[in-house]
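The values are calculated or read from the model by the stated rules, or taken from the named source; none is laboratory data. Note that the structure is predicted; figures quoted are calculated from it, not measured. We place every Cβ from the backbone using ideal geometry, glycine too, and count neighbours over all the protein chains shown. Each accessible area value is taken on the protein alone, full model and side chains, heavy atoms only, with ligands, DNA and RNA left out. Shrake-Rupley method; radii C 1.70, N 1.55, O 1.52, S 1.80 Å.
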Amino acid sequence: MQSTLFKTRLRVALLSAVTAAGLVLTVGAVQAQSAPKADAPKAEAPKTDVPAPGAELKAPVIAVIDVQKIMQESSASKGITKSFETLRDSYQKEISALEDKLRKNEDELRKQQTVLSPEALATKRRDFEKQVADVQKTVQTRKRALETSLNEAMAVVHKTMVEVVADISRERGANLVLARQQFVLVDTQLDVTDVVMERVNKKLPQVALNVPKQ
């Protein structure tokens, strides 16, 4: 039996499927959470976000945050990264063991080509193909589980970061929060990254990477 089947159907899947999904997730612009609405006095006219004609627009009060730095270097993010890499390496060892087993089965099948009847050989080939398919399924299952757990854990970090930025914005009276990556130079007085990092680490020191049991 030629090794083409093994190389084309198995090796590409095994060597490329279980790889790091990347720990820098795409995050949207940081938005401050709106404060709870209080009951308006009966005599007060309904409020609107649209300024009255001729009214002076409120001057922007800007804060800048390095979102990527928070998502990569916060305590929780580093813990997620470490857990992810440990699980990924564990899965890779498992897949490598399955790959070695398939290689041996393929070699054994090739040796039996001259002694087995056509019917027996066909049965052996079908069995081998099923083994390849099962390993591919295992690879994809492990990969999806890792990616899902990673995304869920990082979403918790992102949510906490947004909450912290909202608090800091209210404290500073900021009405515009911008991502640091959008600018070449930023006045250090506008950059709240270090303050956000400190509070995120305190509020969320770690996040578990919950991967379903396979």
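Brief remarks follow.
- Calculated FRET value between Q131 and T86, using beta carbons and R₀ = 35 Å, to 0.05: 0.80
- Q140 versus Q113: modelled label distance in nm, points set 7 Å from Cα along the beta carbon direction: 2.9
- Estimated FRET transfer efficiency when R0 is 45 angstrom, pair R170-T148 (beta carbons, to 0.05): 0.85
- What the phi angles of segment 199-207 give under the Karplus curve with 6.51, -1.76 and 1.60, with θ = phi - 60°, is a coupling list of 6, 5, 4, 6, 6, 9, x, 7, 9 Hz, glycine and proline written as x.
- Each principal axis of the Cα cloud of segment 47-172 was taken in turn, and the coordinate range along them, longest first, works out to 94, 34, 17 Å.
- Ranking by accessible area, most exposed first, for R170, R103 with a 1.4 Å probe: R170, R103
- Long-range amide H partners of V64 with built H, under 5 Å: L178, D191, V192
- Remark: for residue pairs K69/K202; K69/K93; K78/K143, the C-alpha separation exceeds 22 Å in K69/K93.
- Heavy-atom accessible area, probed at 1.4 angstrom with all protein chains present, ranks T114, T193 as T114, T193, highest first.
- Highest mean first, the peptides 89-96, 153-160 sorted by other C-beta atoms within 10 Å per residue fall in the order 153-160, 89-96.
- Counting only protein heavy atoms and using a 1.4 Å probe, the accessible area of T188 comes to about 110 Å².
- Spatially proximal aspartates and glutamates relative to K124 (Cα-Cα < 20 Å; intrachain offsets below 8 disregarded): E99, D100, E106, D107, E108, D134
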